[in-house]
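The values are calculated or read from the model by the stated rules, or taken from the named source; none is laboratory data. Not measured: the values here are computed from a predicted model. Note that each Cβ is placed from the backbone with ideal geometry, even for glycine, and that neighbours are counted across all protein chains shown.
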Amino acid sequence: MKLKYEMSYIEIDGTLRAMPLFDDTDRRYVLHLNGTTADILKVLEQDVTEDEIVSALKKEYDATEEQLLPSIRKVVGMLREYGLLTE
């Protein structure tokens, strides 16, 4: 899986936000990100599997796969729902 669109990142009032860059006036999204979500998006700039996302985040955080998977699956599910991922 991979992000379908390039993302533009900006920090506003201490909150990181991402906006997919695409030409579709009917859809506009601004994603409000916490640190984990931002890191997941950065990994998804490449074509990766769920296991590769876990591996990348385990290097960044002192967390187990069991601790990381719920957040990863939540973010990936949201991105799928909005049509922002390629499979």
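Of all the criteria given as (1) in a helix (DSSP H, G or I); (2) in contact with a Phe, Trp or Tyr (Cβ under 9 Å, 6 or more places away or on another chain); (3) modelled with pLDDT under 90, the one not satisfied by residue 41 is (3).
Listed residues 54, 75; which is assigned to a helix (DSSP H, G or I) and within 10 Å of the chain's Cα centre (by Cα)?
Of 54, 75, the one residue that is assigned to a helix (DSSP H, G or I) and within 10 Å of the chain's Cα centre (by Cα) is 75.
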